[in-house]
Amino acid sequence: MGKAFVRALLGSALLAACGGDGGHGPHDGGIQIASDTVPGDTTTTTPFLAPADGAHLAPLFAPQSPIETLQFTLPDGTLITRFGNRGVGHHARERGEEWNEIGQGPNETVDASGAPVDKGQGAYLSFVPNSFRNRTWGMEIIDNSRVAGIARPSLKVNTYNPTVDFLPGGTAFFRAFDRVGVTGYGWMDNGELLDTTGSVCSPVDYPANGQPGTDHCTVVIRDYPGHAGLGADGFPDGTRVDARPLKVGDPIEMAPSMFTTTASMQARGDNGGTRYYANEWVYVVGQGLTPWYGVAPRLNSAPLPASTLSGGLGSVSYNYSDEGFRMFQQPANNTGMRNMQRFVEGRRTAHSSFMTGAHIEPGNEPMAAIAGLAGPHVNATTCVQCHVNNGRGPAPSTLHQRLDRMAFRVAMKDAGGGLRPDPLYGASIQMNAMSSSGAPEEGGYVVRVVGFETRSVTLADGTQVELRKPRFRFDGPMPQLWSARAAQALIGVGLLEAVPEADILARVRSAPDQDGVLGKANFSFDPETGATRLGRFGWKASKASVRHQVAHALLNEMSVTSPVYPNRSCTTDPVGCRTAPAQKGIQEADLSALTQYLQLLSVPAQRSLPSGFPKGVAPTQEHRVDAVQVANGRKVFDALRCAACHTPEMKTGRNHPFAELRDQTIHPFTDLLLHDMGPALADNLPEGQAQGAMWRTPALWGIGYTAKIAQSQPVGYLHDGRARTLTEAILWHGGEGEKSRQRFEQLSKADRDALLAWLKSL
């Protein structure tokens with residue numbers, strides 16, 4: 001069977017799924033069209049629906065009770081804090097190398113010459129096999145430190161294990177900072193076990209929202225324990241510090257664990273492990289949980305200052321297990337008991353194939369509920385194929401590279417100038433066909449890198465920077481209108497969803513500022529209710545909610561239908577989408593779980609503070625921080641007036657379903673508005689209020705982790721991944737970013753390096 005005939009057959013299959021034949025559009029931007037394109041039949045499309053303006057704007061969330069209560073105060077002043085745990089493989093400070101102070105044990109972090117050594121990562125941020133089954137539990141801290149008349153405060157700590165037995169006393173407290181040689185783990189106190197009558201803590205359900213629970217598997221902390229005194233060098237000096245009463249403001253590191261029995265797990269049909277560590281938390285007496293970092297002498301835990309909390313109190317604490325590539329996969333630090341289970345269930349969906357149901361990580365049960373849901377033509381079959389480690393998608397970096405991990409949005413204009421899906425591709429080019437075994441095959445319409453356009457920019461100090469833009473080749477007919485879109489990082493989307501509409505709209509300018517910066521809101525119709533919503537997500541802010549964005553990606557990248565888009569014809573018939581007959585797709589429970597997982601994904605705290613590694617221990621690469629340079633970099637950022645678009649601070653509202661996302665001061669460095677970035681960054685595909693040169697300001701939080709998240713894959717910045725470095729990304733700015741870019745070009749090398757150091761600390 002000849003190649004042309006095979007491709008014709010595959011093309012016919014694609015036409016059946018996505019509709020008919022688009023004509024050859026004009027040659028645009030160096031685009032090359034394949035000579036052996038596949039002919040096909042045209043299909044009738046209907047217009048994309050977008051509001052003309054923000055009239056009758058409906059808020060995304062109405063006032064409502066949260067899904068789960070995280071913290072509340074009883075009438076007498078007792079503070080109750082609740083949070084969820086999940087099983088992990090190791091402690092927070094265990095990395096791939098053994099580390100101790102000089103002369104106090106093995107130190108594998110340096111070689112004989114003192115050069116840093118990297119022997120791999122730990123397993124603290126990883127997800128254990130079948131993390132979604134019987135491996136989450138809840139903790140409750142009952143704190144009487146603010147109750148009137150209490151002279152010696154105490155903390156009562158309850159453990160709620162809803163599915164399996166727990167062995168009692170599995171939580172340790174207070175970091176053992178006075179024990180030389182104790183580095184990766186070690187604590188001072190296990191607390192006082194309240195009930196010593198049973199050998200196990202039987203399963204018990206979580207307490208009701210906002211209501212006191214019942215003591216279960218309870219330990220009590222009555223004092224700050226006695227410990228060895230430390231000298232100026234950080235080593236015990238022969239003195240003793242006696243135990244003392246707790247006081248408001250004391251930080252306490254908690255290290256829970258899950259110890260169960262084989263019989264209990266097997267009774268649930270679970271033949272997995274029975275012993276797991278958990279995340280390590282800092283609880284501040286009288287206040288609650290807080291993200292933490294490690295200070296001298298040996299990474300003792302201390303609360304991070306508010307200025308570093310990019311994602312508010314849900315920010316991910318500093319990573320000392322050398323697992324930077326997993327930093328975009330972590331739940332909010334304040335995730336609730338029930339919500340932790342929701343998180344791991346949604347993560348399972350994101351990491352499982354919509355073709356086979358198989359989980360991409362070994363040791364996990366397949367997810368039968370989503371097997372076979374991917375359509376006959378897809379770009380990917382799992383979410384994380386494009387969102388690598390929940391970060392950006394692979395960049396277009398090499399000649400002839402297949403770009404099926406990018407999105408190519410396409411459209412055409414009708415006779416009246418209205419925008420419609422392309423009559424051949426629909427709303428998006430889906431590049432792969434699927435064999436009967438589920439393996440991807442040539443779909444007839446792959447987009448590839450065919451070359452690069454380059455130009456050089458000379459900075460004021462003489463440094464030359466090459467800017468490179470990929471050129472693409474369509475195996476099928478070139479769409480009339482199209483846009484190449486790299487997958488964006490997924491962190492913090494729930495927090496951005498929780499920002500009130502009024503706060504975002506207040507940043508829209510009626511007239512340009514002195515640099516020509518304006519800012520414009522985009523709007524979209526809610527695909528389920530028809531209500532006009534403020535756009536927040538996507539490169540052109542055309543999606544109103546996380547749910548909307550998730551369902552759109554499922555349909556356009558994996559041909560998976562949902563309660564939001566019930567039929568694959570929604571890619572060609574936006575007008576008739578909701579009334580088209582429902583095709584088998586993801587069920588509401590799994591769509592909700594996937595959405596909630598993304599909403600609870602947290603943002604790493606800014607790494608602007610040096611950590612207290614012991615003498616002679618090489619810091620992990622991400623913690624080699626020059627605090628002065630980072631602080632100077634923020635001053636440069638402000639002087640360039642980058643904050644005119646990259647808004648440094650926002651406050652979330654009080655209506656989001658997740659309490660974790662409410663009332664948080666966050667530092668996303670985006671205004672969520674559209675800005676004209678000039679012709680060099682323009683495409684020819686409008687979306688609502690967004691014309692070709694308009695792009696939503698991307699959030700900068702987490703940008704310093706981009707290379708670690710990508711691991712060995714090439715890094716790409718901007719909407720089509722063209723920029724290989726942050727310097728290149730800045731130098732592509734035009735339009736409303738023109739003046740800031742010009743100032744950047746005039747910086748001294750020291751100021752430019754400081755700016756980049758600050759960006760990499762985010």
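The values are calculated or read from the model by the stated rules, or taken from the named source; none is laboratory data. It should be emphasised that the depicted structure is a prediction, and the values quoted were computed from it without experimental measurement. FYI the Cβ positions are ideal-geometry reconstructions off the backbone, even for glycines, and counts take in every protein chain you see. Note: accessible area is taken over every heavy atom of the protein model, side chains too, but ligands, DNA and RNA are not part of it. Shrake-Rupley method; radii C 1.70, N 1.55, O 1.52, S 1.80 Å.
Place the peptides 649-658, 286-295, 44-53 in order of packing, highest mean first, counting for every residue the other Cβ atoms within 10 Å and averaging per peptide.
Details: 649-658: 18.7, 286-295: 21.1, 44-53: 15.6.
Descending mean neighbour count gives 286-295, 649-658, 44-53.
With +1 assigned to the C-beta of every Lys and Arg and -1 to the C-beta of every Asp and Glu, and no other charges, what is the dipole magnitude of the chain about the Cα centre in debye, to the nearest 20? Display every interim value, and only then the final one.
Details: 69 positive and 73 negative charges, 136 e Å.
Charge dipole, the chain, about its Cα centre: 660 debye, nearest 20.
Let me have the 222 nm mean residue ellipticity of the chain computed from DSSP H runs of 4+ only, each contributing -39500 (n - 2.57), with the sum over all residues rounded to the nearest 500. Working shown, then result.
On the way: 13 runs with 121 residues, N = 762.
Computed mean residue ellipticity for the chain: -4500 deg cm²/dmol.
Can you list the lysines whose alpha carbon sits under 29 Å from that of Lys749, skipping same-chain ones fewer than 8 residues off?
Cross-link targets: Lys469, Lys635, Lys708, Lys739, Lys760.
If ligands, DNA and RNA are left out, what is the accessible area of Ser315 with a 1.4 Å probe, given in Å² to the nearest 10?
Rounded to the nearest 10, that gives 0 Å².
With point charges of +1 on the Cβ of Lys and Arg and -1 on the Cβ of Asp and Glu, referenced to the Cα centre of the chain, which listed residue (Val446, Asn279, Pro236) lies farthest in the positive direction of the dipole?
Sorting the options by dipole projection puts first Val446.
For the range 192-254, just list the percent of Cα-Cα distances falling in each 10 Å bin from zero outward, please.
15, 29, 30, 15, 10
Quick one: length gained pulling Lys651 to Ala151 fully straight, 0.36 nm per residue minus the C-alpha distance?
176.3 nm
Using a 1.4 Å probe on the protein heavy atoms, what percent of the accessible area of the chain belongs to carbon and sulfur? Mind dumping the intermediate values first?
Values: 15040 of 28430 Å².
With neighbouring chains kept in place, the figure for the chain is 53 percent.
Based solely on C-alpha atoms, express the radius of gyration and the Dmax of the range 471-559 in angstrom.
Expressed in Å, the Cα Rg and Dmax of the range 471-559 come to 16.0, 46.
Let a ≥ b ≥ c be the square roots of the eigenvalues of the Cα gyration tensor of the range 106-205; is it rounded (a/c under 1.5), or, if not, prolate (a/b larger than b/c) or oblate? Before the final figure, lay out each step's value.
On the way: a/c = 2.70, a/b = 1.49, b/c = 1.81.
Judged from the Cα gyration tensor, the range 106-205 comes out oblate (a/c at least 1.5, b/c at or above a/b).
For the range 272-280, in order, what is each residue's ³J(HN,Hα) by Karplus, 6.51 cos²θ - 1.76 cosθ + 1.60 with θ = phi - 60°, in whole Hz (x at glycine and Pro)?
x, x, 10, 9, 9, 6, 9, 4, 9
List every residue whose amide H lies under 5 Å from the amide H of Phe523, counting only residues 5 or more places away in sequence or on a different chain, with H placed 1.01 Å from N in the peptide plane.
Close amide H contacts, sequence-distant or interchain: Gly535, Gln689.
What is the packing order of peptides 632-643, 172-183, 454-465, taking the mean over residues of other C-beta atoms within 10 Å and listing the highest first?
Numbers: 632-643: 18.4, 172-183: 21.3, 454-465: 11.3.
Descending mean neighbour count gives 172-183, 632-643, 454-465.
Just name one of Val550, Phe259, Asn161: the one whose Cα is farthest towards the positive end of the charge dipole of the chain (beta-carbon charges, Lys/Arg +1, Asp/Glu -1).
Val550
What whole number of Å gives the distance from the Cα centroid of the range 311-349 to the Cα centroid of the range 144-163?
Each part's Cα centre sits 25 Å from the other's.
Collect residues whose amide H, placed 1.01 Å from N in the peptide plane, falls under 5 Å from the amide H of Thr290; neighbours closer than 5 in sequence don't count.
Val282, Val284
Would you mind checking which residues have amide H under 5 Å from Tyr224's amide H? H placed 1.01 Å from N; only 5 or more apart, or other chain.
Here the answer is Arg244, Leu246, since their amide H atoms fall under 5 Å of that of Tyr224.
Please quote Rg/Rh for the range 584-717 to two decimal places, taking the Kirkwood radius as Rh and restricting both calculations to Cα atoms.
On the way: Rg = 19.1 Å, Rh = 18.6 Å.
My calculation puts Rg/Rh at 1.03.
Helix by helix, which DSSP H runs in the chain go 30 Å or more along their axis at the Cα atoms and have an average Kyte-Doolittle hydropathy of 1.0 or more? Write out the running numbers ahead of the final one.
Details: long enough: none.
Span-like helices here: none at all.
How high is the FRET efficiency between Gln64 and Ala415 when r is their beta carbon distance and R₀ equals 41 Å, given to the nearest 0.05?
Working: r = 45 Å, r/R0 = 1.11.
It comes out at approximately 0.35.
Quote the FRET efficiency, to the nearest 0.05, computed for Ser307 versus Arg743 with a Förster distance R0 of 22 Å and r equal to the Cβ-Cβ distance. Intermediate values should be presented prior to the final figure.
Working: r = 25 Å, r/R0 = 1.12.
FRET efficiency, Ser307 to Arg743: 0.35.
Give a residue-ordered list of calculated ³J(HN,Hα) values for the range 654-664 (Karplus: 6.51 cos²θ - 1.76 cosθ + 1.60, θ = phi - 60°; whole Hz; x for Gly, Pro).
10, 10, 5, x, 8, 4, 4, 9, 8, 6, 9
Can you give the net charge of the other residues whose Cβ lies under 12 Å from the Cβ of Thr382, counting K and R as +1 and D and E as -1? Can you show the working numbers first?
Numbers: positive: Arg347, Arg348, Arg405; negative: Glu361, Glu557.
Value of the local net charge: +1.
From the square roots a ≥ b ≥ c of the eigenvalues of the alpha-carbon gyration tensor of the range 647-762, which class results: rounded (a/c under 1.5), prolate (a/b over b/c), or oblate? Could you put the intermediate results ahead of the total?
Working: a/c = 1.59, a/b = 1.20, b/c = 1.33.
Oblate, because a/c is 1.5 or more while a/b does not exceed b/c.
Taking Cα centroids, how far is the range 632-651 from the range 578-595 in Å?
40
Go through Gly426, Thr69, Gly734 and say which Cα lies farthest out towards the positive end of the charge dipole of the chain; charges sit on Cβ, +1 for Lys and Arg, -1 for Asp and Glu.
Checking the options against the dipole of the chain, the answer is Gly734.
Considering only protein heavy atoms, with the full assembly of protein chains and a 1.4 angstrom probe, order Val284, Val248 by accessible area, largest first.
Values: Val284 10, Val248 65 Å².
Solvent-accessible surface, decreasing: Val248, Val284.
How are the Cα pair distances of the range 47-181 distributed, in percent, across 5 Å bins from 0?
Histogram of Cα-Cα distances, whole percents per bin: 2, 7, 10, 11, 12, 11, 11, 10, 9, 7, 5, 3, 2, 1, 0.
What do you get for Rg/Rh of the range 87-139 when both radii come from the Cα atoms and Rh is the Kirkwood radius?
Reported Rg/Rh (Cα atoms, Kirkwood Rh): 1.17.
Would you kindly derive the ³J(HN,Hα) couplings of the range 407-419 from the backbone phi angles with the Karplus curve 6.51 cos²θ - 1.76 cosθ + 1.60 (θ = phi - 60°), listing them in order in whole Hz, with x for Gly and Pro?
Karplus-based 3J(HN,Hα) across the range 407-419 equals 9, 10, 7, 9, 6, 9, 9, 7, 4, x, x, x, 9 Hz.
Mind giving me the nanometre distance, one decimal, between the label points for Glu98 and Ala112, set 7 Å out from Cα along Cα→Cβ?
1.8
Along the Cα-to-Cβ line of Val248, 7 Å from the Cα, sits a label point; which residues in the range 277-295 have backbone N less than 14 Å from it?
Within reach of a label on Val248: 284-288.
Provide the net charge surrounding Gln629, with neighbours chosen by a C-beta distance below 14 Å and charges set as Lys +1, Arg +1, Asp -1, Glu -1. Numbers along the way, then the final one.
On the way: positive: Arg607, Arg624, Arg634, Lys635, Lys749, Arg752, Lys760; negative: Asp626, Asp751, Asp753.
Around Gln629, the surrounding residues sum to +4.
Using a probe radius of 1.4 Å on heavy atoms only, what accessible surface per residue do you get for the range 64-203? Whole Å² is fine. Walk me through the numbers before you get to the answer.
Values: 5650 Å² over 140 residues.
Heavy-atom SASA per residue in the range 64-203 reads 40 Å².
Two decimals is fine: what's Rg over Rh for the chain, C-alpha atoms, Kirkwood radius as Rh? Numbers along the way, then the final one.
Details: Rg = 27.2 Å, Rh = 27.7 Å.
Dividing the radius of gyration by the Kirkwood radius yields 0.98.
Can you tell me how much longer the chain between Ala531 and Val241 gets when fully stretched, taken as 0.36 nm per residue apart minus their C-alpha distance, in nm with one decimal? Could the numbers behind the result be given before it?
On the way: separation 290, 0.36 × 290 = 104.40 nm, distance 6.33 nm.
Length gained, Ala531 through Val241: 98.1 nm.
Hey, got the dipole for the range 66-128? About the Cα centre, +1 on K and R Cβ, -1 on D and E Cβ, debye to the nearest 20? Could you put the intermediate results ahead of the total?
Details: 5 positive and 9 negative charges, 59 e Å.
In total the dipole reaches around 280 debye.
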